[in-house]
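The values are calculated or read from the model by the stated rules, or taken from the named source; none is laboratory data. This is a predicted model, so every value here is computed, not measured. Here the Cβ positions follow ideal geometry from the backbone for every residue, glycine too, while neighbour counts run over all protein chains shown.
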Amino acid sequence: MLLLLWDPLPPAEAVSGNQDLITDILLRLPVKSLLRFKCVSKQWLSLISDPRFSRNYRSLASASILLCGTTELIDHVSCGRRNSEPPFTSLGFIDDSAGTKILQSCNGLMLCCSFFKMGKSCNYYICNPSTRQFLMLPPPNAKGCDESTTTLGVYLAFDPSKSPHYQVVCVRNCSSSSAAAANDHYQIEIYSSETLSWRLSGSPFSVPFDMVFDNGVFWNGTIHWISPTGASLCFDIVHEQLGEMPSLPSNEKWSKRRLRYFGESSGHLHLIEIYGSGTTQFQVFEMKKDYSSWIPKYQVDLAAIVKAFPEMVRSYPDAHDSRFCLFSILFVQENEEDSLLLLQIPGKFISYNLTHKTFKEICDFGANSTKANTSLPIGCFQAYQFIETLACV
C-alpha cells in the first residue's frame with residue numbers, strides 16, 4: 001500500500017497566501033497601521049492602495065466625536081470605535097505661521113483655515129488628519145468682483161459613497177459699483193479636487209439682510225444655512241440650485257428664540273432652538289428627507305443634570321431673581337446603536353442619552369486629554385463627527 005503524507009503549510013504561510021483573509025484583517029486596522037503596513041510587501045502596498053479597499057474600509061469604520069479646544073488640543077469621544085487609540089490629537093502638521101482652526105469635518109476629511117494675522121491673507125486647507133496629508137486651496141477668483149469682495153463662508157462637500165473627489169463651496173459678497181446693493185450680489189464658487197480649480201456656479205443672487213454664512217451644514221448633498229431670524233437658504237451641489245427649508249412649527253416670537261444647535265449626524269439633520277434663557281426643556285428637531293417639514297424627534301429635560309451640577313445655575317448681574325443655566329450643546333449624535341446629546345457645563349462634559357433620558361459625566365479621554373482644561377469658558381470647545389478614511393486630498 002502506498003502511503004501519502006500531507007504536510008500542511010505553516011500558519012504564517014497559510015495566512016500570507018490567502019488574500020481574502022489578509023484583506024479582512026487589514027480592513028479592521030486603524031489608518032496609522034495601514035500606512036506602516038504598505039511597506040511590508042508590494043502585495044500589501046497594492047492591496048491597501050486599491051480604491052476598492054478604501055471604499056470597503058469606510059463602510060466598516062466607526063464614527064467618533066472630536067472635542068476640540070484648539071487644533072493643538074483634540075480629544076476623541078468614542079462612539080463604538082473599533083480601536084481605542086485616538087488616530088490623532090492635533091493638526092500641527094499643517095504648516096501655517098498664523099495657526100489654524102477647524103471649520104468642518106466631513107466623512108474623514110477636514111476643512112481648516114488660518115487665523116487672522118495683520119497683513120496676511122486667510123488660507124484654507126483640506127486635510128486628512130489620519131494620513132497627515134493636507135492641501136492649501138488656491139484662492140477663489142470670482143469674475144466681475146472688485147477689491148471689496150468678501151468671503152462669507154467656505155464649506156466642504158465630500159461623499160465617498162458617490163465619488164472619491166470632494167468639492168468646496170465658497171459664498172462671496174461680490175459688491176461692485178454697478179450693484180444696487182451689496183445684498184443683491186452674492187456669488188457661489190465651487191472648487192473640485194478632480195479639476196484642481198474654482199469655477200462660478202450660477203448667477204449672482206440676493207439673500208435676507210441678516211443671513212449668516214458661518215454655520216453651513218452639509219447634508220443630503222446640500223449645504224444649509226439658517227439666519228438669526230429664521231430665514232433659511234440651501235444649495236444643492238449636484239444640481240447647483242438654491243432653495244429654502246421649511247420653518248419650525250413654533251409660535252414663539254423670534255426675540256425669544258435662540259438657535260443653539262444646527263448639525264448633521266449619520267445622515268440626520270438636527271436643529272435645536274431654546275425659548276428663554278432660563279429653560280431646561282427643549283426639543284431636538286429632525287428634517288425630513290423630502291424637506292417637507294421639521295419633525296420633533298426628541299424631548300429633552302436637563303432638570304436632573306442641573307440638580308446634579310448646581311454650578312450650572314447663574315444669575316444676571318444687577319437683576320432681581322433672573323437666573324439662567326450655563327451649558328453649551330456641542331453635538332447631537334444619532335446612529336443605529338444610540339442617540340446622544342453632548343453638553344459642556346462649567347468644568348465638565350456631559351453625555352445625555354436622548355432615548356433613555358439618562359446622563360453621565362465624560363471623564364476618560366486618555367493620556368493627552370483636555371480633561372485638565374475643562375475649566376475653559378463655555379463656548380471654547382467645538383465638536384465634530386469624524387470617521388477615519390484613506391481618501392487623498
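Taking (1) assigned to a helix (DSSP H, G or I); (2) without any contact (Cβ under 8 Å) to a residue 24 or more places away in the chain in turn, Leu34 satisfies each apart from (2). From the list Ser64, Ser90, which one is under 20 Å from Ser265 (Cα atoms) and not aromatic (Phe, Trp, Tyr)? Unique residue meeting the criteria: Ser64.
The selection criterion, being in a strand (DSSP E or B), among the hydrophobic types (A, V, I, L, M, F, W, C) and within 16 Å of Thr279 (Cβ to Cβ), holds for Leu343. Each residue in segment 160-171 was checked for being assigned to a loop (DSSP other than H, G, I, E, B) and farther than 14 Å from Glu194 by Cα, and 1 of them qualify. The set of residues in segment 97-138 being hydrophobic (A, V, I, L, M, F, W, C) and in a loop (DSSP other than H, G, I, E, B) consists of Ala98, Phe115, Phe116, Met118, Cys122, Leu137. Being more than 18 Å from the chain's Cα centre (by Cα), buried (at least 21 other Cβ atoms within 10 Å of the Cβ) and not assigned by TED's automatic domain parsing to the domain that holds Pro164 is a condition met by no residue of segment 110-132. Only residues that are charged (D, E, K, R), outside any helix (DSSP H, G or I) and either at pLDDT below 85 or farther than 30 Å from Gln133 by Cα (or both) were counted in segment 1-31, giving 1.
Among the strands (runs of 3 or more DSSP E) confined to segment 275-315, the ones with at least 1 residues that are touching a residue at least 12 places away in the same chain (Cβ under 8 Å) and of a type in the set (Lys, Arg) are located at 294-301, 313-315.
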